[in-house]
Amino acid sequence: MFAEAGCKDQQISEQVVQRSKQPNVICTLPGTSDKVIIVGAHFDRVTEGNGVVDNWSGASLLPSLYEAIKIEPRRHTYIFIGFTDEEKGEVGSHFYVEQMTKEQVAATDAMVNLDTLGLAPSEVWISHSDRRLANALAYIAKQLNLPLTAVNVEKIGSSDGEQFAERNIPRITIHSLTQQTWDAHILHTSKDKISAMRLEDYYQSYRLLAAYLAFLDEATGSSDGPVSGFK
């Protein structure tokens, strides 16, 4: 899918992950500076259901977001990562972060984590997201007249963004879980299939994220810019 979106051979790589049978899949979109924005989503699933919501909804969006932002020149290098074995303890993202040098950590302005989209309009795990990144997303949602609310999911589990926070990399996790969708028992069950998706909400999440990633190239790493949104 990365190749079909235009990610060239020299920009695609597989990172062999210890303790996993599958690699992390990486597509790099070069920028003009050494600054980096990471966009990630896990591609593994549990055995129950088809894993469409959790998390093919996030992983399959990565090539589309690459395609959306590759057209215009950019300052940041964007690294799109499909993480392996999130369901087994975030194995892929743990390994990726462990391999980052101090220089790579310092150069990374943001990590945008996509997990479980399309059940409802976009949500932010606000208690586990950098406040400036969350406010920037709220600003873009307002500009596009798209719904966005804060829904915390600590009781459900963790996600791949948390490893980056441990190394003081600003991160944000975007999802679509609400109390209603949680009560429907879709995740980790036979109900996790394409019919569970609200495709219009999923498309609007794509629109929001594509605009957000482009905006971060201008706003991230700067003390200026509109950041009002979540309080």
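If the Cβ limit is 9 Å and pairs must be 6+ apart or interchain, which residue in segment 1-17 that is surrounded by 14 or more Cβ atoms within 10 Å (Cβ to Cβ) pairs with which residue that is outside any strand (DSSP E or B) and of a type in the set (G, A, S)?
M1/A59; M1/S60; M1/S64; A5/S64; I12/A3; Q15/G92; V17/G92
Condition check ((1) β-branched (V, I, T); (2) buried (at least 21 other Cβ atoms within 10 Å of the Cβ); (3) within 16 Å of S60 (Cβ to Cβ); (4) within 15 Å of the chain's Cα centre (by Cα)) across all residues:
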position	(1), (2), (3), (4)
R167	no, no, no, no
I172	yes, yes, no, yes
T178	yes, no, no, no
H185	no, no, no, no
K191	no, no, no, no
I194	yes, no, yes, no
R198	no, no, yes, no
Y206	no, no, yes, yes
A210	no, no, yes, yes
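So, in segment 71-80, of the ones that are at pLDDT 95 or above and part of a loop (DSSP other than H, G, I, E, B), which residue ends up surrounded by the fewest Cβ atoms within 10 Å (Cβ to Cβ)?
My answer is R75.
Please work out which one of (1) in contact (Cβ under 8 Å) with a residue 12 or more places away in the chain; (2) assigned to a helix (DSSP H, G or I) is the condition S195 fails and give its number.
(1) is the only condition that S195 fails.
Among the residues of segment 92-111, what is the count of those that are without any contact (Cβ under 8 Å) to a residue 12 or more places away in the chain and not acidic (D, E)?
Qualifying residue count, segment 92-111: 3.
For segment 45-61, state whether one or more residues are more than 15 Å from the chain's Cα centre (by Cα), among the small types (G, A, S), assigned to a loop (DSSP other than H, G, I, E, B) and over 26 Å from S158 (Cβ atoms).
No: segment 45-61 contains no residue that is more than 15 Å from the chain's Cα centre (by Cα), among the small types (G, A, S), assigned to a loop (DSSP other than H, G, I, E, B) and over 26 Å from S158 (Cβ atoms).
Assigned to a helix (DSSP H, G or I), of a type in the set (K, R) and more than 26 Å from V17 (Cβ to Cβ): is that true of R132 in this structure?
Yes.
Does segment 81-101 contain any residue that is under 18 Å from L216 (Cα atoms) and either of a type outside the set (D, E) or modelled with pLDDT of 95 or more (or both)?
yes
Return the only residue of L187, L208 being of a type outside the set (D, E, K, R), outside any helix (DSSP H, G or I), out of contact with any strand residue (DSSP E or B) (no Cβ under 8 Å at 6 or more places or on another chain) and under 23 Å from F43 (Cα atoms).
L187
In segment 167-180, what count of residues is obtained for those that are farther than 16 Å from G51 by Cβ and at pLDDT below 95?
Adding up the residues that qualify gives 3.
The values are calculated or read from the model by the stated rules, or taken from the named source; none is laboratory data. A quick note: this is a predicted structure, and the numbers were derived from the prediction, not measured. A quick note on method: Cβ atoms are made from the backbone with ideal geometry, for glycine too, and the neighbour counts reach across all protein chains shown.
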